[in-house]
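The values are calculated or read from the model by the stated rules, or taken from the named source; none is laboratory data. Every value quoted in this text rests on a predicted model; they were computed, and no experiment measured them. Ligands, DNA and RNA are stripped out before the accessible areas are found, and what is left, the full protein with its side chains, is counted by its heavy atoms. Shrake-Rupley method; radii C 1.70, N 1.55, O 1.52, S 1.80 Å.
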Amino acid sequence: MFPRQHLPAQLDPLWVDLPLNDIPLCWFGVPFLLSKVIDYAKEYGFDCPATAPFLACVPRAVDPGKSWHNICKYFYQQTGINLRIREVWDRQLPILVFWTNRELVYIKDANFQQVRMLLTDMGYREDYPMRWYLDRLEEP
C-alpha cells in the first residue's frame, strides 16, 4: 500500500498550502532491528569481519557499522533511496527510515516497491508494518 494513505492530510505536502519546511517532519519506516540487518548482510555478502579486539575472537563476527554502510551504499546506488536510522516520538528504539513526508512529492510507486522488496529480503514481515513516525529532534 502506498505510504500516502496512512499519512494525515495535515502532514501531507500535497494537501496543505504551506512551504515544505513548515510542515511537521515525519519519517516513513520500520523499527530498526540490528539482528535482521546482520543476517541480511551475511546472506547477501555485505558483511565485514569484525576487527574490534573483543569481537575478533568470535567466529564469523560481523562489524555492524561497516556492514550497515555497505548495505546503505549499495541500496542508494541501485534505487537512489537513502537508508537512515532516526529517533522518533513514541519509540524507545530507533527506526529504519526511507523518506520524509516532505520528500513524498518525489516518491513513486516503484520506490515504494523497492523498499518493500528490501524489507522482505531482510526478513521484515507483517509484524513490522511500514508506518509514519513523528520526528523527535526537529526544532519548532
Worksheet item: Using a 1.4 Å probe on the protein chains only, how many percent of the accessible area of region 1-132 belongs to carbon and sulfur?
Response: 55
Item to complete: Please give every one of the lysines within straight-line cross-link reach of residue 36, meaning a C-alpha to C-alpha distance under 19 Å, and leave out same-chain neighbours fewer than 8 residues apart.
Response: 66, 73
Worksheet item: Which aspartates and glutamates have a Cα less than 16 Å from the Cα of residue 42, not counting those fewer than 8 places away in the same chain?
Response: 63, 121
Fill in: Exposure rank, largest accessible area first [130, 117; 1.4 Å]
117, 130
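Obtain the radius of gyration and the Kirkwood radius of region 1-51 from its C-alpha atoms and give Rg over Rh.
1.25
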Practice prompt. Express in Å², to the nearest 10, the accessible area of residue 76 obtained by rolling a 1.4 Å probe over the protein heavy atoms while all chains stay in place.
Written response: 110
Item to complete: List the residues whose amide H sits under 5 Å from the amide H of residue 32, counting only those 5 or more places along or on another chain, with H placed 1.01 Å from N in the peptide plane.
Response: 95, 96
Item to complete: Specify which labelled value, from (i) 11, 37, 35, 16, 1; (ii) 12, 35, 26, 16, 8, 2, 0; (iii) 11, 38, 32, 14, 4, 1, agrees with P(r) over Cα pairs in 10 Å bins from 0, in percent derived from the coordinates of the model shown.
Response: (iii)
